[in-house]
Amino acid sequence: MRFLLRCDHRGLITNAKYIPDGRIVGPDDIVCDFMPDVENSYVDLKTKQVIEIPPQPSRVHKFDYDKKEWILTLGDAKDAKWAEIKSMREAEEFGGFEWQGYTFDSDALSQQRISSAVQLATLDMEMSIEWTLADNSTKIFTAIEMIEIGKALANHVTGLHERGRILRSQVKSAENIAMVDSISWQKTPTT
């Protein structure tokens, strides 16, 4: 079996189709005896050989068909680093927080529930509320304790976002990929 390949001026394969035996091909046609993996190959236009593209070093590297290599631009590295930082920040924000030795859930719904309980506590300082903790045990908290829990949640979220802003500034001001690579999110130690 033979396949006729079409490619652009850089070797990017744009089409590959089966050609029957006996079909005459021109001297400039690129023919191979296997169906190439069009997404992961290119044609060396000098030798007319299909070359397999090496594995992508990271999801943000882009294959440069002119240079025949994977490249990573400073802008792409910065975008990927910021996405990584945001993901880690969100995982920590929504992964729980501690107050007075108790661990509370802090996913979006839990944050909303804590905020509602804090509002109720400010309206009724005599109230108490039984709260389910992250380990599914329960504890009764007074209004004052609930307000303090709300403050702890706010400090947890605010602190993480402040760290994120600092790292975002570092990412923006990085002058090369090595500087971008050196920036990392450090998980908050648990007590």
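Just to verify a result, which residue in region 13-53, among those that are exposed (fewer than 13 other Cβ atoms within 10 Å of the Cβ) and touching a helix residue (DSSP H, G or I) at 6+ places or on another chain (Cβ under 9 Å), is modelled with the highest pLDDT? Of everything passing the filter in region 13-53, Glu52 is modelled with the highest pLDDT.
For the structure I just gave you, tell me whether Glu84 is over 23 Å from the mean Cα position of the chain (by Cα), touching a residue at least 40 places away in the same chain (Cβ under 8 Å), within 30 Å of Arg165 (Cα to Cα) and open to solvent by 60 Å² or more (accessible area, probe 1.4 Å). Criteria not met by Glu84. For region 111-133, a residue qualifies if it is in contact (Cβ under 8 Å) with a residue 12 or more places away in the chain, open to solvent by 40 Å² or more (accessible area, probe 1.4 Å) and within 30 Å of the chain's Cα centre (by Cα), and exactly one does: Ser115.
Right, Ala143: surrounded by 12 or more Cβ atoms within 10 Å (Cβ to Cβ) and modelled with pLDDT of 95 or more or not? Answer is yes for this residue. Filtered by the rule that a residue be open to solvent by 70 Å² or more (accessible area, probe 1.4 Å) and either small (Gly, Ala, Ser) or under 27 Å from the mean Cα position of the chain (by Cα) (or both), region 55-66 gives Pro55, Gln56, Pro57, Arg59, Lys62. On the basis of being aliphatic (A, V, I, L, M), under 23 Å from Glu92 (Cβ atoms) and modelled with pLDDT of 95 or more, does Leu123 make the cut? Answer is no for this residue. Listed conditions (1) open to solvent by 40 Å² or more (accessible area, probe 1.4 Å); (2) within 30 Å of Val180 (Cβ to Cβ) are all met by Arg6, apart from (2). With respect to Gly96, is the statement that it is out of contact with any Pro (no Cβ under 6 Å at 6 or more places or on another chain), on the phi > 0 side of the Ramachandran plot and exposed (fewer than 14 other Cβ atoms within 10 Å of the Cβ) true? Judged against the criteria, Gly96 is not a match.
Conditions tested, residue by residue: (1) under 29 Å from Val180 (Cβ atoms); (2) touching an Asp or Glu at 6+ places or on another chain (Cβ under 8 Å); (3) modelled with pLDDT of 95 or more.
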| residue | (1), (2), (3) |
| --- | --- |
| Phe94 | yes, yes, yes |
| Trp99 | no, yes, yes |
| Phe104 | no, yes, yes |
| Arg113 | no, no, yes |
| Val118 | no, no, yes |
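State which residue is farthest from the chain's Cα centre (by Cα) when the search covers only region 134-187 and only residues that are of a type in the set (S, T, N, Q) and closer than 16 Å to Ile85 by Cβ. The residue in question is Ser173. Selection over region 149-191 of residues that are over 16 Å from Met88 (Cβ atoms), surrounded by 15 or more Cβ atoms within 10 Å (Cβ to Cβ) and in contact with a strand residue (DSSP E or B) (Cβ under 7 Å, 6 or more places away or on another chain) gives a count of 3.
The values are calculated or read from the model by the stated rules, or taken from the named source; none is laboratory data. Source: prediction; values computed, not measured. Every residue, glycine among them, receives a Cβ derived from its backbone with ideal geometry; neighbour counts consider all protein chains shown. These area figures cover heavy atoms from the full protein model, side chains too; ligands, DNA and RNA do not enter into them. Shrake-Rupley method; radii C 1.70, N 1.55, O 1.52, S 1.80 Å.
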